[in-house]
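What follows is a set of notes on a single structure, which appears directly below.
What follows draws every value from the coordinates through simple rules; no lab data is involved. In this text, all values refer to a predicted model and were calculated from it rather than measured experimentally. Note: ideal-geometry Cβ built from the backbone for every residue, glycine included; neighbour counts use all protein chains shown.
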Amino acid sequence: MRLIDCGCGPGSITVDLARAVKPGDTIGIDLREEAVVQGRMLARKRGLANIEFLVASIYQLPFADCSVDATFTCAVLQHLTAPLAALKEIRRVLKPGGVIGIVDGSSTITFRYPTNPSLEMWDQLRRLKRRYNTGRSTDMLPLRALLREAGFARSHASGTLRTEMGPPAGSLDETRKVAQNHVIRHRGVPGELALAQGWATKEDLEQMAAGLQAWGESPDAFYAGPVFAAVGWV
Ligand SMILES: C[S@@+](CC[C@H](N)C(=O)[O-])C[C@H]1O[C@@H](n2cnc3c(N)ncnc32)[C@H](O)[C@@H]1O
């Protein structure tokens with residue numbers, strides 16, 4: 001088996017895929033050199049010999065037609081302006097009977113307790129950022145329709161709620177950690193974009209960060225958001 005993880009990031013999922021398909025080969029590709037270097041380091045640390053990382057674009061995979069058995073793409077299509085073109089490219093490299101696994105965690109719908117207006121404003125910013133970057137405002141990629149349009153013969157799809165906490169989801173340490181991750185994400189690109197576009201002021205952003213941290217300190221804190229998945233067959 002030959003499996004390609006498209007948009008593999010630092011390879012944290014790719015290494016588990018490599019273990020699953022061993023002695024088959026796994027190749028992680030990502031646009032960012034830095035991610036590929038991290039992936040190589042992780043594979044070395046895990047002692048995996050059946051894995052390789054390449055800098056490449058999902059729109060132009062460096063593989064021949066019908067040369068790959070399985071492909072995987074997690075949290076990548078949701079960031080692309082042309083997810084259909086990416087799926088057509090993946091379809092090109094898959095062998096007859098080949099399979100694709102997709103995870104889409106793009107939804108900004110959030111179930112959060114306790115909530116407050118600054119957290120709701122944060123979710124609104126995430127929506128604006130996605131629309132700005134991709135031109136899409138929907139809360140879900142129509143994965144089955146995209147797979148059909150890309151030429152896949154058959155597909156299954158599912159959805160779950162991810163809590164980012166636990167299990168078990170209950171300790172203060174854990175909710176603080178989730179809040180901290182959200183604050184880091186918030187302070188990065190979405191924050192800069194929000195300022196540049198005039199969607200929020202510096203004070204608004206500080207208020208949102210404080211709101212996230214306050215949520216993390218709540219003894220009853222809970223958070224969940226939808227994640228969608230699909231499997232397609234050539
Ligand atoms: C949110 S990360 C997901 C990483 C990994 N799949 C995971 O779930 O842990 C999205 C990744 O897609 C990569 N990416 C974005 N556009 C890409 C493209 N056109 N071709 C290849 N990779 C791309 C980014 O560099 C980033 O590493």
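Quick notes
- Under 12 Å, Cβ to Cβ, from Arg154 - net charge with Lys/Arg +1 and Asp/Glu -1: +2
- The overall shape of the chain, judged from the alpha-carbon gyration tensor, is prolate: a/c is not under 1.5, and a/b is greater than b/c.
- The slack in the chain from Glu203 to Glu164, taken as 0.36 nm per residue of separation less the alpha-carbon distance, amounts to 11.3 nm.
- Net charge over other residues, Cβ less than 9 angstrom from the Cβ of Ile109 (K, R count +1; D, E count -1): -2
- Helix-derived mean residue ellipticity, 222 nm - over the chain, DSSP H n ≥ 4, -39500 (n - 2.57), to 500: -13000 deg cm²/dmol
- Relative contact order (%) - criterion: Cα under 8 Å, at least six apart; region: the chain: 22
- When the range 63-146 is reduced to its Cα atoms, the Kirkwood hydrodynamic radius in Å: 14.6
- Ordering Gly151, Met121, Ala214 by Cα displacement along the dipole of the range 120-234 toward the positive end leaves Gly151 in first place; charges were set at the Cβ atoms of Lys, Arg (+1) and Asp, Glu (-1).
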